[in-house]
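Taking it in order: structure first as structure tokens, then the write-up.
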Amino acid sequence: MALSFLASPPPLVRPVCSATDPTAISYFGGDLLAWELKDDDGREVVRNRFKAGSKHTGNGRNGTAVPPLHVHLYETEIEGSMSYTLDGKEGVAKPGDKLVIPPGAVHTFWLDADAKEDLVMTAKAIRGDKPGFDHCFVRNFFGYLSSCVEADTAPSPFQIFLLLDSANVTLAAPLGLGKLLNLVFGRVVGGWLLGYKTSYKVFEDDGKTH
């Protein structure tokens, strides 16, 4: 935290429950809803609703909430009706389809800009002792991005790399440099020098008790 005075995070905004579904946490003014679930084995499951027509969630691959090409260090399963790319091949998943993402597979997903219906998808890490991709990560990742949008400021790449590192996720960097980017820009610069965190108390309060 030696250079933490150089960090300029936006005002972090406490997430609230959806006005239409009190079991869902709302981000980007309600354009992204997130449910925190568990499967029969007790593993954390992330369910998100991406609103059609939104510049944040329904703008094809240009949406604010759409992840860039990335890889998971542990096997992951996603389910839902969406457009996706997996190891260079594009496809369209239909309702009920499940995609198993092997460790290291380059992928992303999105809701097409001309889609008429919202995208509801679920995701969970299905292998590994410390998968990282969990409810805490989703709260902090989308909470941070949503706060940046509300403050009309660009997110810090150092904060993003640090959050990705906490979830065992890397960008699809050439020559397999994703882990190194997380280490240098996330842990060293973002965490140790600038004082960014992987979890913020404001995002752990979802408003369900208020």
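Just add up the charged neighbours of Gly53: K/R +1, D/E -1, any other residue whose Cβ is under 11 Å from the Cβ of Gly53. Mind showing how you got there, number by number?
Numbers: positive: Lys51, Lys55, Lys116; negative: Asp31, Asp112, Asp114, Glu117, Asp118.
Neighbour charge sum, excluding Gly53 itself: -2.
Anything over 23 Å Cα to Cα? Flag those among Lys55/Lys124; Lys51/Lys179; Lys94/Lys124; Lys51/Lys124, in the order listed.
On the way: Lys55/Lys124 25 Å; Lys51/Lys179 32 Å; Lys94/Lys124 18 Å; Lys51/Lys124 21 Å.
In this structure, Lys55/Lys124; Lys51/Lys179 lie more than 23 Å apart at Cα.
So how far apart, in nm, are the two label points at Val202 and Leu177 if each is 7 Å from Cα heading toward Cβ?
If labels sit at Val202 and Leu177, their model points lie 3.3 nm apart.
Between Val188 and Glu90, what FRET efficiency comes out of the Förster formula 1/(1 + (r/R0)^6) with R0 = 30 Å and r the beta carbon distance, rounded to 0.05?
0.30
Return a whole-number percent for the relative contact order of region 4-204, with Cα pairs under 8 Å and 6 or more residues apart as the contact set. Don't skip to the end; give the middle numbers.
On the way: 429 pairs, mean separation 46.8, N = 201.
For region 4-204, the relative contact order is 23 percent.
Sticking with the crude label model, points 7 Å out along Cα→Cβ, report the distance from Asp152 to Asp40 in nm, one decimal please.
Using points 7 Å along Cα→Cβ, the separation is 5.1 nm.
How far apart, in nm, are the 7 Å Cα→Cβ label points at Lys116 and Thr20?
1.7 nm
Among Asp21, Asp152, Asp134, which comes first, second and so on when ranked by fewest other beta-carbon atoms within 10 Å? List each step's numbers first, then the result.
Numbers: Asp21 12, Asp152 7, Asp134 18.
Lowest to highest Cβ neighbour count: Asp152, Asp21, Asp134.
Which value at 222 nm does the chain reach when only helices count, each DSSP H run of 4 or more adding -39,500 (n - 2.57), with the total divided by all residues and rounded to the nearest 500 deg cm²/dmol?
Numbers: 4 runs with 35 residues, N = 210.
Taken over the chain, the calculation gives -4500 deg cm²/dmol.
To make sure I understand, if each residue's beta carbon is the centre and we count other beta carbons within 10 Å, what order do Ser83, Ser146 fall in, fewest to most?
Values: Ser83 17, Ser146 24.
Lowest count first: Ser83, Ser146.
Just so you know, all these numbers are worked out from the coordinates, no wet-lab data involved. Quick caveat: nothing in here was measured; it's all calculated off a predicted structure. Cβ atoms come from the backbone with ideal geometry, glycine included; neighbour counts cover every protein chain shown.
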